[in-house]
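Colleague: Dropping a structure here in structure tokens format, bear with me for questions.
What follows draws every value from the coordinates through simple rules; no lab data is involved. Note that the coordinates shown come from a computational prediction; the quantities given were computed from them, not determined experimentally. Here the Cβ is made from the backbone with ideal geometry for all residues, glycine too, and neighbour counts use every protein chain on show.
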Amino acid sequence: FFLKTDENFGTIITPYKLPFFSISLFSNSTDEQQQQQQQQLTFPPGKNSWPFSFSIPEFLPPSATQLKSYSQYIEYSIDFEIMRPRLCRRNIEKTFVIPVQNSLRIAADRQVQDQKENQNIVSLRGYLENNVVVTGTTFTLHFEVDNPNGSTINKISTYLVQNRQFAASPKEQFIINEHKIKDPQGLQKNQVKDKIDFILPTTLPATCSYHPPSWLPVQDIDIDYYVLIQLHMNRSIEDIVLELPVIVTAVTEPTIDIPPSYESIFSTRQ
């Protein structure tokens, strides 16, 4: 994990690494039989490969790319190390970055709505038929404008906003998607009903709230979303702003066959 921290000399990105597991292909045990097996394991010249498998802990926060300079992000990697005898050259190390996505549905579907009115009796209502949305798909925002006095409406702006808060770092907000309606004639009607479709990127991190075991009780990793609707009026008239919470979840990937274990591979070679 990478957390943004503010210091006297500016803003920096501080890496915070949290290891989840470690797998040893060859044990470091002092057992005599295992030591003999290790001495017999010599890889021939050329390309050698072997599969491995591991389980990712549940409820991990998903990978979250860095959306701008000095912004917080989450990255997962697998670190490999081949430890060679002291008389040989130094150990071989390699790091591979992997994407992690949480596909668990964390809440039941439900309709959400909000409605406000300004001093000119202009009211704005927005609603989502389903506030649980899936990455890579489309969801629809419905809105209604009631303007009985014919007040001038300049435009309507809608945004899908992502919030990120990592531990004690400041909350960050990013606009994932936006739409603007600029139709002077259409917006001056006494009543306006319309809808807007939002397309979610497949790589969008899912909504999550995760507490690393080693962190303080009040420190969490939170990623959440909401749809913002803003009705832009003339300068002398108050704008209307609505916020509708959205829960983003990921598509469940098909089951992948688990590769054979180390023991089964090397036992067949003997």
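Colleague: I want to check a number: in the range 51-187, how many lysine pairs have alpha carbons closer than 21 Å, given a sequence separation of 8 or more or different chains?
Modeller: 6
Colleague: Taking the Cβ of PHE96 as the centre, find all other residues whose Cβ is under 14 Å away and add up their charges (Lys, Arg: +1; Asp, Glu: -1).
Modeller: Surrounding charge for PHE96 is -3.
Colleague: Let me ask you something else. Hey, what did the range 112-249 get for relative contact order, percent, Cα under 8 Å, at least 6 apart?
Modeller: 33 percent
Colleague: What is the gain in length, in nm to one decimal, between ASP222 and LYS47 on full extension, counting 0.36 nm per residue of separation less the C-alpha to C-alpha distance?
Modeller: This chain segment gains 58.7 nm when fully extended.
Colleague: Moving on. Given H placed on each backbone N at 1.01 Å, which residues far from ALA206 in sequence or on other chains put an amide H within less than 5 Å of it?
Modeller: Correct list: ASN102.
Colleague: Measure off 7 Å from each Cα along the Cα-to-Cβ vector at MET83 and ILE121, then give the distance between these two points in nanometres to one decimal.
Modeller: Taking the simple label geometry, MET83 and ILE121 are separated by 8.0 nm.
Colleague: Please give the direction-averaged projected area of the C-alpha convex hull for the range 112-249, in square nanometres with one decimal.
Modeller: So the Cα hull casts an average projection of 9.5 nm².
Colleague: Obtain the nm distance between the two label points defined at GLN66 and GLU129 by a simple spin-label model: each point lies 7 Å from its Cα along the Cα-to-C-beta direction.
Modeller: If labels sit at GLN66 and GLU129, their model points lie 4.1 nm apart.
Colleague: Under 11 Å from the 7 Å Cα→Cβ point of ILE175, by amide nitrogen: which residues of the range 126-168?
Modeller: 157-161
Colleague: Ratio of Rg to Rh for the range 130-191, alpha carbon only, Kirkwood?
Modeller: 1.12
Colleague: For ASN154 and THR203, compute 0.36 nm times the residue count separating them, minus their Cα-Cα distance, and round to one decimal in nm.
Modeller: Here the answer is 14.2 nm.
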